[in-house]
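A short write-up of the structure that comes next.
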Amino acid sequence: RLHRHRYVVVPDWLTRAQTGRLQADAVAVDADSGFESAVGSVNFGTARVDTDVRRSRQCSIYPPPRNAAGSVTERDGLVSAVNGLRRELEAAALPALPRLAPFETELNYLLYPIGGHYKRHLDQPRGNSGWQRQGRRAADGGSISGGSLRRVVSFILYLNDEWEDADGGALRIFPARRREAGEGAEGEEAAVSAAVSAGSAA
């Protein structure tokens, strides 16, 4: 399915017990170093908090938070599982999927309150705002290598308990629209809704 549709949903990617422990860790790390989620790009100076677009909190898993926050063991287990998934994707030789850099993985906990949301958006924008420069910032003397990296795989793992369709908040995926000459926006086709039960990965 990933080959044909460019997305896949895997129910029970983790057990209920594992998701429960990660949920507890997310709450602990948020209390230690969580912050309001932003929209825009940090690299291009456009990052800002806009709760009309995005209302959630987040905290980093990798790069890691302080060892004193939550459970290092649970986070290490998750990072190992994600790295295993990365190796499986590389072994599958999916078309147009470049080598996935093992040390460029970014993982975050996202905590959505009741009424929280993230409106429709391009998970990886086209153009320069979709790239992350390597090396030093311009303020620190400029880039060392002149290179840049781009996210090529997005991964979501749901930790919420006892979710039902009536609760709302399902993941909606908008396939990229075929680009005609001179036409712009992506994702104008019908959205696909994916269940977000605990332990599911997309």
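Restricted to segment 42-55, and to residues that are in contact (Cβ under 8 Å) with a residue 12 or more places away in the chain and touching a Gly at 6+ places or on another chain (Cβ under 7 Å), which residue is surrounded by the most Cβ atoms within 10 Å (Cβ to Cβ)?
Arg55
Residues Ala28, Ala81, Ala69: which one is more than 19 Å from the chain's Cα centre (by Cα), part of a helix (DSSP H, G or I) and modelled with pLDDT of 90 or more?
Ala28
With Val39, Val9 as the choices, which residue is under 17 Å from Ala201 (Cα atoms), modelled with pLDDT under 95 and open to solvent by less than 70 Å² (accessible area, probe 1.4 Å)?
Testing whether each residue is under 17 Å from Ala201 (Cα atoms), modelled with pLDDT under 95 and open to solvent by less than 70 Å² (accessible area, probe 1.4 Å) leaves just Val9.
So in segment 152-202, with the set limited to residues that are modelled with pLDDT under 65 and not small (Gly, Ala, Ser), which one is surrounded by the most Cβ atoms within 10 Å (Cβ to Cβ)?
Looking at the filtered set, the residue picked out is Glu186.
On the given criteria, is Arg86 among the charged types (D, E, K, R) and within 15 Å of the chain's Cα centre (by Cα)?
When the stated conditions are applied, Arg86 passes them.
Is it the case, given these coordinates, that Gln58 is within 18 Å of Asp123 (Cα to Cα) and either of a type outside the set (Ser, Thr, Tyr) or open to solvent by 40 Å² or more (accessible area, probe 1.4 Å) (or both)?
In short, yes.
Name, by its number, the condition in (1) in contact with a Ser or Thr (Cβ under 7 Å, 6 or more places away or on another chain); (2) under 27 Å from Ile114 (Cα atoms) that does not hold for Ala26.
(1)
Does any residue in segment 15-34 that is without any contact (Cβ under 8 Å) to a residue 12 or more places away in the chain come within less than 9 Å, Cβ to Cβ, of a residue that is loosely packed, with under 14 Cβ neighbours inside 10 Å six or more places away or on a different chain, and which pairs are these?
none
The values are calculated or read from the model by the stated rules, or taken from the named source; none is laboratory data. This is a predicted model, so every value here is computed, not measured. A quick note on method: Cβ atoms are made from the backbone with ideal geometry, for glycine too, and the neighbour counts reach across all protein chains shown. Ligands, DNA and RNA are excluded from the accessible area calculation, which covers all protein heavy atoms including side chains. Shrake-Rupley method; radii C 1.70, N 1.55, O 1.52, S 1.80 Å.
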